[in-house]
Amino acid sequence: MLKIENLHAEVDGKAILKGLSLKVPAGEVHAIMGPNGAGKSTLAHVLGGKPGYDVTQGSVEFRGSDLFDLEPHERAATGLFLGFQYPVEIPGVSNVQFLREALNSQRKYRGEEPLSGGEFLKLAKEKAGLLKMDMEMLKRQVNVGFSGGEKKRAEMVQMGILDPAFAVLDETDSGLDIDALRIVGEGINSIMRSPDNGVLLITHYQRLLDVVKPDKVSVLADGRIIRTGGADLALKLEEEGYDTVMADA
């Protein structure tokens, strides 16, 4: 579903990704871990198409097509979802309004009919229930006045409504307490655990992986994947830190 080969990228002329290669087939949750500055968020931003991240070499194939031929909104409509480490606030725009416009915009791109107001509210209520959010929260302005946990839960509701084929989740566990972590993790499982979907889960810590159990774990260091293993690799990193794995590599 996602195939990255020899990816090089830079920010403001500084090389961040230095030959990263990775494959994530449909049905797989692939966790990416690594020390600060390794290039984890840069990878997420490059895949999402954020301006200022310049690809200098390599390729990314998504669902059989060249990802870099698509603009960011086209990537989203094609089925790629990017979850941010720090979800942004949008004052003056309610979550319901934002999400309905986003969904119907993607449906239009794919040649599908828009959802009516009633159809959308039914869908929104269903997905909000998975994240234990009531509809009153969705009537509020996007992330304005939300706690860190509420922002992440709202973002997972957004993922559920947009129903992507592939999710790139950049440190979704950042700023979550124990209860919010469990709710968000279970939401990811409910929404994205499917033979037809894929997930690239970027995280620093084992704790999210106790809920969203990965099929594979890769260690990213200095812009490259230096090791890939099963879920037990995350446990080793938690116990021993990155230095041992990097020394072995």
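The values are calculated or read from the model by the stated rules, or taken from the named source; none is laboratory data. Computed from a predicted model, the values in this text were never measured in an experiment. Cβ: placed from backbone, ideal geometry, glycine included. Neighbour counts: every protein chain shown.
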How many of the residues in the stretch 1-28 are assigned to a loop (DSSP other than H, G, I, E, B) and either surrounded by 15 or more Cβ atoms within 10 Å (Cβ to Cβ) or at pLDDT below 95 (or both)?
-> 4
Residue check, LYS151 against (1) crowded, with 18+ Cβ neighbours inside 10 Å; (2) in contact with a helix residue (DSSP H, G or I) (Cβ under 9 Å, 6 or more places away or on another chain); (3) basic (Lys, Arg), all met but one. Which one?
-> (2)
Some residue of the stretch 29-49 being hydroxyl-bearing (Ser, Thr, Tyr) and either part of a loop (DSSP other than H, G, I, E, B) or farther than 25 Å from THR203 by Cβ (or both) | no
In the stretch 160-208, how many residues are surrounded by fewer than 23 Cβ atoms within 10 Å (Cβ to Cβ), in a helix (DSSP H, G or I) and touching a strand residue (DSSP E or B) at 6+ places or on another chain (Cβ under 8 Å)?
-> 1
Filter the stretch 87-126 down to residues that are in a strand (DSSP E or B) and of a type in the set (A, V, I, L, M) and give me whichever is nearest to ASP170 (Cα to Cα).
-> ILE90
Subset of the stretch 18-44 [out of contact with any Asp or Glu (no Cβ under 8 Å at 6 or more places or on another chain) and farther than 25 Å from LYS213 by Cβ] = GLY19, GLY37, THR42
Does ILE32 fit the bill of being more than 25 Å from ILE188 (Cα to Cα), of a type outside the set (Lys, Arg) and modelled with pLDDT of 95 or more?
-> no
Report yes if some residue within the stretch 77-85 is assigned to a helix (DSSP H, G or I), of a type outside the set (D, E, K, R) and under 30 Å from LEU7 (Cβ atoms); otherwise report no.
-> yes
